[in-house]
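Visitor: Okay, handing you the structure first.
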Amino acid sequence: MRRETASLLRASVLVAGAALATACGDSPTTPRESAPAYDPRAFAFDESGALRGYLYHWPPGRTIRVYVDPTAEPAGSDLRSAVVAGAALWAGTVRNGEVSVAVASSPAQADVIVHYGEAPRLVGPGGCAPPASGGVGSTFLCPDFDTGTLATLPLLAGGGGSVKMDVAVYRGSVADDAQFRRVVAHEIGHVLGIGAHSPSSSDLMFGSPTVSAPSPADGRTLRYVLQHDADLRP
C-alpha cells in the first residue's frame, strides 16, 4: 500500500455552512466552475511531488467535525474563535451550502483536529512520514492511493477515532492576532480541498497571506474543487 504525506504550510480556514441540497453541490440554475482561478492540485509543500495532479475534498453535504485543542494557548489568543470566524468566511464563498463545519467536543468525535504547533499532536501520522514542524501553519493528511482515500490518523490516546487531517498553527511565529487569524483561515482552505498556494498576494491562499478573507479567486477555486469528483476522499 503506497501512502505519501502532504504537509501544507500556511493559514487554514474551517467552513461553517448549511448542508448540501443537491448531490453534486449545484442547483439546476447554478453554473459549474469550468476552471479554478489557480491550480488547487499543485501541493506546493509536498516535497515528493506525489500529490500533484490529485484533487481531494469532503463528500457533498458532509458536516466536517473539528476539534479545537486549546493546549499551550497563550494569553490573549483564542484558537476556537479564530477557527469559527475563518469557517464563516469560507462559508460565504460557496453558493449552496456545499460544506458544513461543526465544532466537536472531543478528539474522538472529530474529522479534523486544529491545535497550536507548540502543543503535542493528538494523532499519529497514519502510515505516512511524520509532518515537519515549523513555519506558521501546516495541514497534514495521509493519502492512500490504493483505495483513493485519506488514511485515518490514529488517536495517540487510543480509542480509534476518525481524524483525517491535523492542522497546526504556530502562534509564536506570527506577529500579531490579525496574522494569526489569517493563518488559521488559510489552513482551513486546505482542509476544505485547496491543496495549493495561490501565486497572487491578493488571495488568502497565497503562501504568506496578507489579506484577511477569501478573495473572489479563492472562492472560484474552492467552488471548482467542490463541484468536481475527488481523486482522494476523506
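Computed from the coordinates by the stated procedures, all read-outs in this text should not be read as laboratory data. Note that the structure is predicted; figures quoted are calculated from it, not measured. Methodologically, a virtual Cβ is constructed for each residue, glycine included, from the backbone with ideal geometry; neighbour enumeration extends over all protein chains shown.
Visitor: Can you list residues whose amide H is under 5 Å from ARG233's amide H, if they're 5+ apart or on another chain and H is modeled 1.01 Å from N?
Guide: Residues meeting the amide H criterion: THR149, LEU150.
Visitor: Still on this structure: What nm distance separates the two modelled labels at SER34 and ALA102, each placed 7 Å from Cα along Cα→Cβ?
Guide: 3.9
Visitor: Using the Cα atoms of region 6-227 to build a convex hull, what is its mean projected area in square nanometres?
Guide: 11.3
Visitor: Among DSSP bridges having both ends in region 6-227, what percentage is antiparallel? Round to the nearest 5.
Guide: Among the beta bridges of region 6-227, antiparallel pairing accounts for roughly 45 percent.
Visitor: Assuming R0 = 30 Å, what is the FRET efficiency of ALA175 and ARG95, from their Cβ-Cβ distance, to the nearest 0.05?
Guide: Result of the calculation: an efficiency of 0.30.
Visitor: Kindly write out, for region 218-228 in residue order, the coupling ³J(HN,Hα) from the Karplus curve 6.51 cos²θ - 1.76 cosθ + 1.60 (θ = phi - 60°), rounded to whole Hz, with x marking Gly and Pro.
Guide: Rounded to whole hertz, the list is 4, x, 4, 5, 5, 4, 4, 4, 5, 8, 10.
Visitor: Provide the net charge surrounding ILE64, with neighbours chosen by a C-beta distance below 12 Å and charges set as Lys +1, Arg +1, Asp -1, Glu -1.
Guide: Values: positive: ARG62, ARG65, LYS164; negative: GLU98, ASP111.
Charge balance in the 12 Å sphere: +1.
Visitor: Between THR63 and THR147, what length comes free when the chain is fully extended (0.36 nm per residue of separation minus the Cα-Cα distance, one decimal in nm)?
Guide: Numbers: separation 84, 0.36 × 84 = 30.24 nm, distance 2.22 nm.
Between THR63 and THR147, full extension yields an extra 28.0 nm.
Visitor: Suppose each label sits 7 Å from its Cα in the direction of the beta carbon; what would the ALA72-ASP229 distance come out to in nanometres?
Guide: Between ALA72 and ASP229, the simple spin-label model gives 4.1 nm.
Visitor: Sticking with this one: Could you compute the net charge surrounding ALA178? Neighbours are other residues with a C-beta less than 14 Å from the C-beta of ALA178; K and R count +1, D and E count -1.
Guide: The answer is 0.
Visitor: Order the peptides 76-84, 101-109, 136-144, 56-64 from the highest to the lowest mean number of other Cβ atoms within 10 Å of their residues.
Guide: In decreasing order of mean packing, 76-84, 101-109, 136-144, 56-64 become 136-144, 56-64, 76-84, 101-109.
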